[in-house]
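The values are calculated or read from the model by the stated rules, or taken from the named source; none is laboratory data. Because the structure is predicted, anything quoted here is derived from the model rather than measured. Every residue, glycine as well, gets a Cβ built from its backbone with ideal geometry; the counts of neighbours run over all protein chains shown.
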Amino acid sequence: MKRYLVQTFGCQMNVHDSRRIEEVLEAAGWQATDESTLADLVLFNTCSVREKAEHKLRSAVGWLRPLKDERPGLVIAIAGCVAQQEGEQLLRDIPYVDLVLGPDNIPELPALVEAIRDGAPPIARTVFDLETPQFLHAHPRSDARRESSAFVTVMKGCDERCSFCIVPTTRGPERYRSADDIVSEVRALAQGGVHEVTLLGQTVNSWYEPTPGESAAPLELREKRRTASHFAGLLRRIAAEVPEVLRLRYTSPHPRHITPALIAAHAELAILPAHVHLPVQSGSDRVLKRMLRRYTAAEYLARARALQSARAGLTLSTDIIVGFPGETEEDFLETLALVRDVGFVAAFGFKYSPRPQTAALALGDDVPEDTKDDRLARLFALVEVQQRAHLASLVGTRSTVLVEGPSRDGGGRFAGRSERHEIVHVEPPAGVDPTGTLVTVEILAAFKHSLLGRMDGGVPIPDAPRTPKPRVHLGVLGGEGSES
Ligand code: SF4
């Protein structure tokens, strides 16, 4: 039996890709293991968005060196964004790596590994599928790892070119998947027991129905189509055609593509969450311009307000970079002001780090490290105050929770996500396992990053009601930061 181990670094896109990697390997007769000493293939699925993630990868690969010396037949592979960015250079830098694989080349993985096991020299395969984009289907799990939530990719790549971001280089230009294909995958997942679907894309809300030869269309025409975004129509179609899906999330939207149609969809579709993660990156117009974000703080705030008005209690979280080249104390204070004005209930904060092949490299890296640390700490302190206030405001209210499984803290509790994405620990009646069901709970207590609720009604999923409109404004927690 051939065994593989996949280790994932980075965002939800990478988590999703890792699942597809596992499926491709298992279809070719491989079996998963958690032990590197038992593995015939160890694959690192990598992220290069932050310098830290790249360092973590290099250190993790280093740990395998002794194992490779002991068992030269072990295949070591690096996939994902670092693989795409570095290509053959990685094989030169880390000579005991056998395979470097780009995100678009996942279907070729089993054949490439077999070639290496048969004695082929190290291989770097990092070619974008520009002409005929492939989207690997997510399959519902039927084993013990069966899940009630799943990701579905609707587009890949990015045409935005924010000056700090390496994603357009590592993921290529935007390519879209047809609505028919997306709906059919969502339907298959729902039939396999999935009740919450998250639509995934680097700028997910720029989605539009692709036409044949899309990638050859002039850039101006593509930009026009993206700006017109058909994304709200896609959400409506899934809601209408796959009623078994109880929650439909999406990540990560770009503020530029929060259209009136999308805002209206939030007002009308109960299936949509009462939460949006909307990366802002900075609250200073001067910095936003240098980041090439193509919106102002006032425009962002107007769209945030429109979303909040569309649905009572809708919460927002965001991504923020501190210490971008040239960011002054005044710029940073404008970011804090925007955090207060929007009322974010969570934020993923990052210190700027120069990335190769990005426009911001030309701007230098002039904010001292201790200033970045200080700004990040002040940002987190503010967000924590807002988050605590929101969580505390929930005590005594009711919420609906999709239960994901036993809580990590043990004690007979289960954990799931509310309609706004907070982690809620649930105390079910004795002997009841509510995993995979939508339950209503009374919120009894607020912790630092989660809530405790008492279950007062477990509803088997097929009869579960649609997520009701929330009556209160809640916090949102958990997950990874994203790009967009
Ligand atoms: S930050 Fe997001 S929108 Fe900007 S280039 Fe990167 S992936 Fe694209």
Residues being modelled with pLDDT under 95, crowded, with 18+ Cβ neighbours inside 10 Å and touching a Pro at 6+ places or on another chain (Cβ under 8 Å) - total across the range 345-401
2
Taking residue 60 as the residue in question, decide whether it is in a strand (DSSP E or B) and under 18 Å from residue 37 (Cβ atoms).
no
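Given the options 432, 426, name the one that is part of a strand (DSSP E or B), outside the structural domain of residue 277 (by TED's automatic domain parsing) and either modelled with pLDDT of 85 or more or of a type in the set (A, V, I, L, M) (or both).
426
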So how many residues does the range 283-299 have that are within 12 Å of the ligand (Cβ to nearest atom) and of a type in the set (Lys, Arg)?
2
What number of residues within the range 29-57 are in a loop (DSSP other than H, G, I, E, B), modelled with pLDDT of 85 or more and among the polar types (S, T, N, Q)?
1
When the residues of the range 242-269 are narrowed to those that are part of a loop (DSSP other than H, G, I, E, B) and of a type in the set (A, V, I, L, M), which ends up nearest to the ligand (Cβ to nearest atom)?
258
Counted residues in the range 91-140 being in a helix (DSSP H, G or I) and over 25 Å from the mean Cα position of the chain (by Cα) come to 11
I'd like to verify a number: residues in the range 270-282 that are more than 16 Å from the ligand (Cβ to nearest atom) and of a type in the set (Gly, Ala, Ser), how many?
2
Filter result (surrounded by fewer than 23 Cβ atoms within 10 Å (Cβ to Cβ), under 26 Å from residue 155 (Cα atoms) and of a type in the set (Gly, Ala, Ser)) within the range 67-107
87
What residue, of 113, 82, 97, is assigned by TED's automatic domain parsing to the domain that holds residue 9, out of contact with any Lys or Arg (no Cβ under 8 Å at 6 or more places or on another chain) and within 16 Å of the ligand (Cβ to nearest atom)?
82
Which residues, taken from the range 311-361, are under 24 Å from residue 451 (Cβ atoms), over 24 Å from the mean Cα position of the chain (by Cα) and not in a loop (DSSP other than H, G, I, E, B)?
340
Could you tell me whether residue 19 is within 18 Å of residue 150 (Cα to Cα), within 15 Å of the chain's Cα centre (by Cα) and among the charged types (D, E, K, R)?
yes
Name the pairs: first residue in the range 147-165 and under 26 Å from residue 354 (Cα atoms), second residue of a type in the set (Phe, Trp, Tyr), Cβ to Cβ under 7 Å, at least 6 apart or on different chains?
164/324; 164/352
Quick check on the range 11-28. Is at least one of its residues in a strand (DSSP E or B) and in contact with a helix residue (DSSP H, G or I) (Cβ under 9 Å, 6 or more places away or on another chain)?
no
Consider residue 348 carefully, then state whether it is within 24 Å of residue 298 (Cβ to Cβ), touching a residue at least 24 places away in the same chain (Cβ under 8 Å) and not charged (D, E, K, R).
yes
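Would you check if residue 49 is under 25 Å from the mean Cα position of the chain (by Cα), closer than 26 Å to residue 358 by Cβ and crowded, with 22+ Cβ neighbours inside 10 Å?
Spelling it out, residue 49 is indeed under 25 Å from the mean Cα position of the chain (by Cα), closer than 26 Å to residue 358 by Cβ and crowded, with 22+ Cβ neighbours inside 10 Å.
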Hey, can you tell me all the residues within the range 150-168 that are outside any loop (DSSP other than H, G, I, E, B), near the ligand (Cβ under 8 Å from one of its atoms) and of a type in the set (A, V, I, L, M, F, W, C)?
167
I want to confirm something. Restricting to the range 169-184 and keeping residues that are within 16 Å of the ligand (Cβ to nearest atom) and not polar (S, T, N, Q), which single residue is nearest to residue 138 (Cα to Cα)?
176
When you go through (1) within 30 Å of residue 402 (Cβ to Cβ); (2) of a type in the set (Lys, Arg); (3) more than 16 Å from the ligand (Cβ to nearest atom) one by one for residue 71, which number turns out not to apply?
(1)
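This table checks each residue for (1) more than 21 Å from residue 203 (Cβ to Cβ); (2) surrounded by fewer than 24 Cβ atoms within 10 Å (Cβ to Cβ).
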position: 277; (1), (2): no, no
position: 281; (1), (2): no, no
position: 296; (1), (2): no, yes
position: 301; (1), (2): no, yes
position: 307; (1), (2): no, yes
position: 330; (1), (2): yes, yes
position: 340; (1), (2): yes, yes
